[in-house]
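Written out below as structure tokens is the structure these notes cover.
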Amino acid sequence: MRWDGSFWVLGLAILATCVGATGLAAQLPDDLDELSDAALYEAACANCHGQDGRGLDRALVGFEEALPDFTDCDFAAREPESDWIAIGHEGGPVRGFSMMMPAFGEALSVEQVARVVRHIKSLCTDPSWPRGKLNLPRALLAEKAFPEDEWVTEVGASLDGDGAVDGAFVWEQRFGPRSQLEVVIPYGWAELPDAGGGAGATDWVSGFGDLVLGVKHTFYHSSEAGRIFALGAEVVLPTGDETKGLGADGTKAEAFASFGQILPSDAFVQVQLGGEKPFYDGGENEAFARVVLGRTFTSGRWGRSWTPMVELQAKRELEGGVPTPLDIVPQMQFSLNTRQHVLGNIGVLIPATETSGRSARLLAYVLLDWFDGGFFEGW
Ligand code: HEC
């Protein structure tokens with residue numbers, strides 16, 4: 001055990017807690033409401049975060065935690081204001097950060113913390129970075145318009161009859177303010193007739209599916225209008241085993257448009273429209289549309305977030321005369337940890353039209369926003 005370091009950190013943490021409860025208010029000027037956002041920040045936060053928002057040197061603040069750089073748009077633009085207001089009001093631990101980030105709830109009103117956060121948010125001066133509040137909850141099927149740094153593990157299973165479980169590992173990596181690369185590695189288990197067995201005998205097979213490589217770019221975003229729009233393209237490579245039902249005959253290309261709009265009272269709508277073109281004999285051109293309507297709720301004022309959503313999906317082959325199957329997917333996304341960068345979503349895909357031969361499917365994912373920390377951080 002490193003006694004020296006731990007001792008001081010413990011001492012300072014206790015001090016910070018005591019100061020948080022009583023001293024912070026005493027240190028601040030009386031006329032808080034007269035101060036500009038910037039002056040309020042200087043009075044309350046600059047002692048640690050620095051006048052310019054880049055964070056004072058560790059040697060000056062006397063604790064080990066590195067201070068964030070609020071002028072770094074790559075970091076600052078993506079964090080939703082609501083999370084920062086929670087941290088300013090309740091202290092670092094409310095989002096799984098260090099208690100060296102004190103709680104200002106006794107010293108500042110929520111409105112005053114919101115004004116300070118507005119100032120911090122203005123320190124990223126490059127408008128090309130879409131703001132974190134436009135990062136709407138991820139639905140089970142529709143691709144969203146916000147560029148992400150994420151790991152998603154998806155799984156799906158049919159609820160009756162034909163035993164089949166499938167899913168995918170999805171890796172999303174941002175580059176620049178508005179672009180994103182994506183790699184999807186699907187996998188599956190299927191129950192197929194066993195050629196060697198007797199009548200009705202089946203055998204479980206498993207394997208990887210068709211690898212997907214994609215790019216996405218956000219062409220429009222406005223935090224005032226609460227609106228974001230992106231275009232994306234993907235190639236689907238025939239890496240999966242077609243005889244096991246885990247892949248297609250050849251390469252396919254997909255293009256899509258994604259749109260998100262924030263609505264009043266933490267509600268939102270997302271739309272994805274796209275098409276798929278196969279480059280092999282016998283493949284059919286396909287078009288799809290997905291619409292998601294949802295609303296986020298919070299447990300208590302600062303706690304876990306819950307987002308019930310309803311997603312509608314229509315998918316059809318473009319050849320004339322074929323019907324358009326419609327699916328409805330009620331689902332619930334929820335944060336799993338305190339930092340809220342590990343999220344889960346679970347729902348059921350219910351065939352609404354053309355139901356014969358199509359069974360209901362359970363769909364779920366676990367998502368890690370890896371920019372905000374590793375899987376085991378912030379619980
Ligand atoms: C006593 C020093 C100190 C003061 C004063 C202070 N902070 Fe902090 N703050 C920290 C530390 C340390 C961290 C980093 C915590 C971590 O990484 O675990 C931090 C982190 C943060 C974060 C989290 C950023 C992220 O990573 O998402 C926000 C937001 C924040 N502070 C806002 C404020 C606001 C607003 C004020 C003034 C009202 C303020 N801080 C005052 C020490 C301080």
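A compact table of results
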quantity	calculated
Relative packing of peptides 338-349, 171-182 - highest average C-beta neighbours within 10 Å first	338-349, 171-182
Over the chain, equivalent-ellipsoid semi-axes from the Cα gyration tensor in Å	47, 22, 18
For the chain, size of Cβ-based charge dipole, Lys and Arg +1, Asp and Glu -1, in debye	580
The chain, relative contact order [Cα under 8 Å, separation at least 6], %	12
The chain, accessible area per residue, ligands and nucleic acids excluded (1.4 Å, Å²)	50
Rounded percent of accessible protein surface that carbon and sulfur make up, the range 132-372, 1.4 Å probe	61
Per-q log10 I(q)/I(0), the range 155-294, q = 0.09, 0.15, 0.20, 0.21 Å⁻¹ (Debye; single scatterer per alpha-carbon; no solvent)	-0.39, -0.91, -1.26, -1.31
Gain upon complete extension [PHE169, ALA287; 0.36 nm per residue less C-alpha separation]	40.1 nm
For the range 132-372, with +1 on Lys and Arg beta carbons and -1 on Asp and Glu, the positive-most of PRO137, GLY357, LEU237 along the dipole	PRO137
Degrees separating the helix 81-90 axis from the principal Cα axis of the chain, which is the longest one	40
Residue among VAL165, PHE208, THR307 farthest towards the positive dipole end of the chain, charges placed on Cβ	THR307
Tilt relative to the chain, helix 3-18 - C-alpha long axis, 0 to 90 degrees, to 10	80
Near-label residues of the range 60-76 by backbone N, under 14 Å of a point 7 Å along Cα→Cβ of ASN47	61-63
Candidates per GluC sites (Glu not before Pro) in the range 99-160, loop by DSSP, up to 16 other Cβ within 10 Å	GLU106
Förster-model FRET efficiency, 45 Å R0, ASP126 and LEU159, C-beta, rounded to 0.05	0.40
Full-stretch length increase - PHE297, TRP204 - with 0.36 nm per residue and alpha-carbon distance subtracted	29.4 nm
Expected 222 nm ellipticity per residue - DSSP helices of 4 or more, -39500 (n - 2.57), all of the chain, to 500	-4500 deg cm²/dmol
Alpha-carbon centroid distance for the pair the range 291-314 / the range 131-188, whole angstrom	17
Long pairs among LYS121/LYS144; LYS121/LYS315; LYS121/LYS277; LYS244/LYS315; LYS244/LYS277; LYS144/LYS277, criterion Cα-Cα beyond 32 Å	LYS121/LYS315; LYS121/LYS277
Burial order of peptide ranges 200-209, 95-104, 305-314 (average beta-carbon count within 10 Å, highest first)	95-104, 305-314, 200-209
Amide H contacts under 5 Å for LEU56, placed H, 5+ residues apart	HIS49, GLY50
Net lengthening on full extension, ALA233/ILE185 (0.36 nm per residue, minus Cα-Cα)	15.7 nm
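The values are calculated or read from the model by the stated rules, or taken from the named source; none is laboratory data. Remember, it's a predicted structure, so these values are computed and weren't measured experimentally. No Cβ is skipped: glycine too gets one built from the backbone with ideal geometry, and neighbour counts run over all protein chains shown. What goes into the accessible areas is simple: the full protein's heavy atoms, side chains included, and nothing from ligands, DNA or RNA. Shrake-Rupley method; radii C 1.70, N 1.55, O 1.52, S 1.80 Å.
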